[in-house]
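Right, one structure below, let's go through it.
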């Protein structure tokens, strides 16, 4: 497998992990909105589902993107595909 | 004071700007104490901020193609994040979203999840790859990746339909705010708004829009957060509302149980002015089915990843790496406002319905409420209405009606904040609507001037001529948008949601598969774009004209139908026609690695 193919395989795996986490917090948990609302876990005292729609999911997305960016940069560095000065 | 290149001095420039704006707010507050009239304060706020944006637009004028289309590709990560946040958060986010949550509760909070979650798709599926491509516009990517004028032309059609739907809503919002703040008729205010929008974008294109958007973000975020924090402290709910409103949320649920949701008769409702609504849904409980919530969120997420005016902001960063990080910063700056909207809705609702608070009106006599100053003002502006349906002389929860915009615009006044805050909020709403309208008008006119005029009609055109065409188109599109906005066909929030569905129907899969599926070819992409857009639009028209729809897909989520058709037709047509040639496959390989020259620079 060429260097570029390996790089793309790792990139694709990272994409799948990122999208899986994204799926859980944008779609998955809201399948159980009514059940979660009754949960005794109440962040800052808010009902759980309400909190996720107001803050929880939103904050997780912000962190997820920075985490994803960091991991992708590592993959690019590993294969020497990072941009260098004067590339553009 | 400022030496060296402008780009190196950005933190200093915008630091001084922010300080100056805060000083201006304080001066206005002092002027209010000294007896300046509310109307004059409103005029000062809107006029002062709009003049600053116009000044930035003039200072950023340019005669270079690269600067005009992609701000010279040198916008630093964090500043591009701010500009994208302003580009993204429209008049709908600023004035209408808190209102939507106030009335519909959980069902509308799907918008919060959808409008933020979409950025994960932008960061992971598209932005870095399109940046590597080095295109000027989104149709530029489609046209080069798939090859052929038909693909390019189809992309321009989808872009124009989606962005134009969106921009009329934004010009409508600038008109609404300008007409309230400057006290002029809406029909004229729409053109005042348009003139301000054009001043920001015409001379400097993307470069001017970038630097005004950063300035507009600063104004709009101060204007949104300051009242939320202030009202929260004033009500004694806590100095940091985001973490401290649990008791207030519970109190609203308790009051709702106590008052009950009484259904009004159709005859009674007919007397309520158009556009106003009462509280009919519980504030914090799960009041929508999982499918209703998820389908709306999915449409907003896929729409986010397909709206060209957002995508083209990531063409302006210096590198692929910064494009990726910049998406994170964009979402962070958006998060600051979006996480505050439900808090504002909570504070607004509680201060109106809690009889134990001095501002509460439910349970007071009708005559008493009618004599309140703010009620009279907002009633006159057609944003508030009460009526004694059951004839008992007391105001009940089901007898109080409000316009969605009033939640943001009127709450500071209701909570008894000084008028200077209302002026600030008007300036913020104006900034939000203008920044989005700028981005959209530019996206459309760039696509028409670059992709239709330069790439298809006259590839030999010189730079000067291209930029003149771009500017003429900008003005024409602005006028067309304002003319339609003046007709007021659909509400602000409704048209914005439609725009996402249109973009999702036509562009989501052609963009994503262009990067992630090498086998995708031109006939497939054209089929995907056109059939997606047509089927989505057909479904919308069918539901609007009384059709029953299927699978619980409504006129707000028709993008699901459009994008499903788009995906299937794109895959089927791609597979039954010839695979893309070796040069195209090589192009896709090059897009997938960050290093090296941009794909377009290699050609």
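The values are calculated or read from the model by the stated rules, or taken from the named source; none is laboratory data. Since this is a predicted model, take the numbers as computed values, not measurements. Quick reminder, even Gly has a Cβ in these numbers, built from the backbone with ideal geometry, and neighbours come from all protein chains shown.
Quick test of your reading of the structure: residue B:84 fulfils all but one of (1) in contact (Cβ under 8 Å) with a residue 40 or more places away in the chain; (2) out of contact with any strand residue (DSSP E or B) (no Cβ under 8 Å at 6 or more places or on another chain); (3) surrounded by fewer than 24 Cβ atoms within 10 Å (Cβ to Cβ). Name the failing condition by number.
(3)
When the residues of region A:1-15 are filtered to those that are more than 10 Å from chain B (Cβ to nearest Cβ) and assigned to a helix (DSSP H, G or I), which remaining residue is nearest to the chain's Cα centre (by Cα)?
A:13
Can you tell me which residue within region A:47-63, out of those that are more than 21 Å from residue B:120 (Cβ to Cβ) and facing another protein chain (nearest Cβ under 7 Å), is surrounded by the most Cβ atoms within 10 Å (Cβ to Cβ)? Spell out the reasoning first.
Residues of region A:47-63 more than 21 Å from residue B:120 (Cβ to Cβ): A:47-48, A:50.
Among the residues that remain, those that are also facing another protein chain (nearest Cβ under 7 Å) are: A:47, A:50.
Values: A:47: 21, A:50: 26.
Only one residue fits best here, namely A:50.
When you scan region B:526-536, do you find a residue that is buried (at least 17 other Cβ atoms within 10 Å of the Cβ) and more than 20 Å from residue B:149 (Cα to Cα), even just one? Lay out the reasoning, then the answer.
First pass over region B:526-536, keeping only residues buried (at least 17 other Cβ atoms within 10 Å of the Cβ): B:526-533, B:535-536.
This time we only want the ones that are more than 20 Å from residue B:149 (Cα to Cα), so: B:535-536.
Yes, that holds for at least one residue.
Mind telling me which of the residues A:32, A:66 ends up being within 18 Å of residue B:128 (Cα to Cα), surrounded by fewer than 19 Cβ atoms within 10 Å (Cβ to Cβ) and either more than 8 Å from chain B (Cβ to nearest Cβ) or under 22 Å from the mean Cα position of the chain (by Cα) (or both)? Full working, then the answer.
Details: A:32 fails: within 18 Å of residue B:128 (Cα to Cα).
After ruling out the rest, the residue left standing is A:66.
If I filter region B:127-150 down to residues being part of a helix (DSSP H, G or I) and farther than 18 Å from residue B:586 by Cα, which single residue comes out as nearest to the other protein chains (Cβ to nearest Cβ)? Explain how you work it out, then say what you get.
The initial filter retains those residues of region B:127-150 that are part of a helix (DSSP H, G or I), namely B:127-133, B:138-146, B:149-150.
Add one more test, that the residue is farther than 18 Å from residue B:586 by Cα, and what stays is B:127, B:138-139, B:149-150.
Numbers: B:127: 10, B:138: 20, B:139: 22, B:149: 28, B:150: 29 Å.
Among those that are part of a helix (DSSP H, G or I) and farther than 18 Å from residue B:586 by Cα, it is B:127.
As an exercise: evaluate residue B:329 against (1) touching a helix residue (DSSP H, G or I) at 6+ places or on another chain (Cβ under 8 Å); (2) farther than 30 Å from residue B:66 by Cβ and give the number of the one condition it does not meet.
Of (1) touching a helix residue (DSSP H, G or I) at 6+ places or on another chain (Cβ under 8 Å); (2) farther than 30 Å from residue B:66 by Cβ, only one is false for residue B:329: (2).
Looking only at region A:35-46, which residues are facing chain B (nearest Cβ under 7 Å) and either closer than 25 Å to residue B:126 by Cβ or in a helix (DSSP H, G or I) (or both)? Walk me through it before giving the result.
Of region A:35-46, the ones facing chain B (nearest Cβ under 7 Å) are A:37, A:44-46.
A:37, A:44, A:45 - these are the residues of region A:35-46 that are facing chain B (nearest Cβ under 7 Å) and either closer than 25 Å to residue B:126 by Cβ or in a helix (DSSP H, G or I) (or both).
Just to be sure before I move on: is residue B:564 more than 30 Å from residue B:295 (Cα to Cα), away from chain A (no Cβ under 14 Å) and part of a helix (DSSP H, G or I) in the structure I sent?
No; evaluated as a whole, the condition is false for this residue.
Could you please find all residues in region B:113-128 being over 20 Å from the mean Cα position of the chain (by Cα) and either surrounded by fewer than 24 Cβ atoms within 10 Å (Cβ to Cβ) or over 25 Å from residue B:522 (Cβ atoms) (or both)?
Once the filter is applied, which keeps residues that are over 20 Å from the mean Cα position of the chain (by Cα) and either surrounded by fewer than 24 Cβ atoms within 10 Å (Cβ to Cβ) or over 25 Å from residue B:522 (Cβ atoms) (or both), region B:113-128 yields B:124, B:125.
Which of the residues belonging to region A:16-29 are assigned to a helix (DSSP H, G or I), without any contact (Cβ under 8 Å) to a residue 12 or more places away in the chain and at the interface with chain B (Cβ under 8 Å from one of its Cβ atoms)?
Initial filter on region A:16-29 (assigned to a helix (DSSP H, G or I)): A:16-26, A:28-29.
Adding the requirement that they be without any contact (Cβ under 8 Å) to a residue 12 or more places away in the chain leaves A:16-17, A:19-20, A:23-24, A:28.
Passing the criteria: only A:19.
What helices (runs of 4 or more DSSP H) lie completely within region B:334-431 and have 1 or more residues being closer than 21 Å to residue B:238 by Cα? Let's see the steps before the verdict.
On the way: elements: B:341-353, B:366-370, B:373-380, B:406-414.
Correct list: B:341-353, B:406-414.
Given the criterion more than 14 Å from every other protein chain (Cβ to nearest Cβ), without any contact (Cβ under 8 Å) to a residue 12 or more places away in the chain and assigned to a helix (DSSP H, G or I), identify the matching residue among B:188, B:157.
Going through B:188, B:157 in turn, just one is more than 14 Å from every other protein chain (Cβ to nearest Cβ), without any contact (Cβ under 8 Å) to a residue 12 or more places away in the chain and assigned to a helix (DSSP H, G or I): B:188.
Hey, can you tell me all the residues within region B:1-40 that are exposed (fewer than 11 other Cβ atoms within 10 Å of the Cβ) and in a loop (DSSP other than H, G, I, E, B)?
B:1, B:2, B:3, B:4, B:5, B:34, B:35
For region B:226-303, please list each of the helices (runs of 4 or more DSSP H) lying entirely inside it that holds at least 2 residues being within 11 Å of another protein chain (Cβ to nearest Cβ).
Per the criteria, B:241-244, B:246-259.
For region B:86-96, indicate whether the set of residues that are in a helix (DSSP H, G or I), facing another protein chain (nearest Cβ under 8 Å), within 13 Å of the chain's Cα centre (by Cα) and closer than 18 Å to residue A:57 by Cβ is non-empty.
Our first condition is that a residue be in a helix (DSSP H, G or I); within region B:86-96, this holds for B:86-88, B:91-96.
Still in the running and facing another protein chain (nearest Cβ under 8 Å): none.
No: region B:86-96 contains no residue that is in a helix (DSSP H, G or I), facing another protein chain (nearest Cβ under 8 Å), within 13 Å of the chain's Cα centre (by Cα) and closer than 18 Å to residue A:57 by Cβ.
Is at least one residue of region B:566-574 surrounded by fewer than 23 Cβ atoms within 10 Å (Cβ to Cβ) and closer than 30 Å to residue B:288 by Cβ?
Checked region B:566-574: at least one residue is surrounded by fewer than 23 Cβ atoms within 10 Å (Cβ to Cβ) and closer than 30 Å to residue B:288 by Cβ.
Looking only at region A:69-88, filter to residues that are in a loop (DSSP other than H, G, I, E, B) and on the phi < 0 side of the Ramachandran plot; which one of those is farthest from the other protein chains (Cβ to nearest Cβ)? Spell out how you get there, then give the answer.
Our first condition is that a residue be in a loop (DSSP other than H, G, I, E, B); within region A:69-88, this holds for A:79-88.
Subset that is on the phi < 0 side of the Ramachandran plot: A:79, A:81-85, A:87-88.
Working: A:79: 8, A:81: 4, A:82: 6, A:83: 5, A:84: 7, A:85: 10, A:87: 6, A:88: 6 Å.
Taking the candidates together, the pick is A:85.
Do we find a residue being buried (at least 17 other Cβ atoms within 10 Å of the Cβ), within 14 Å of chain A (Cβ to nearest Cβ) and in a loop (DSSP other than H, G, I, E, B) anywhere in region B:539-555?
No, region B:539-555 has no match at all.
Hey, could you check region B:573-602 for residues that are in contact (Cβ under 8 Å) with a residue 40 or more places away in the chain and more than 14 Å from every other protein chain (Cβ to nearest Cβ) and say which is farthest from residue B:544 (Cα to Cα)?
Per the criteria, the residue is B:584.
Does residue B:123 qualify as being within 14 Å of chain A (Cβ to nearest Cβ) and outside any loop (DSSP other than H, G, I, E, B)? If you could, list the steps in order and put the result at the bottom.
On the way: within 14 Å of chain A (Cβ to nearest Cβ): yes; outside any loop (DSSP other than H, G, I, E, B): yes.
Yes.
Taking the criterion of being more than 30 Å from residue B:468 (Cα to Cα), at pLDDT 85 or above and within 14 Å of chain A (Cβ to nearest Cβ), would at least one residue in region B:30-45 satisfy it?
There is no residue in region B:30-45 that is more than 30 Å from residue B:468 (Cα to Cα), at pLDDT 85 or above and within 14 Å of chain A (Cβ to nearest Cβ).
Count, please, the residues in region B:238-286 that happen to be surrounded by fewer than 19 Cβ atoms within 10 Å (Cβ to Cβ), over 18 Å from residue B:398 (Cα atoms) and within 29 Å of the chain's Cα centre (by Cα).
6
What single numbered condition from (1) within 30 Å of residue B:430 (Cβ to Cβ); (2) crowded, with 23+ Cβ neighbours inside 10 Å; (3) more than 21 Å from the chain's Cα centre (by Cα) fails to hold for residue B:303?
(3)
Among the residues that make up region B:319-328, is at least one of them facing chain A (nearest Cβ under 9 Å) and outside any helix (DSSP H, G or I)?
yes
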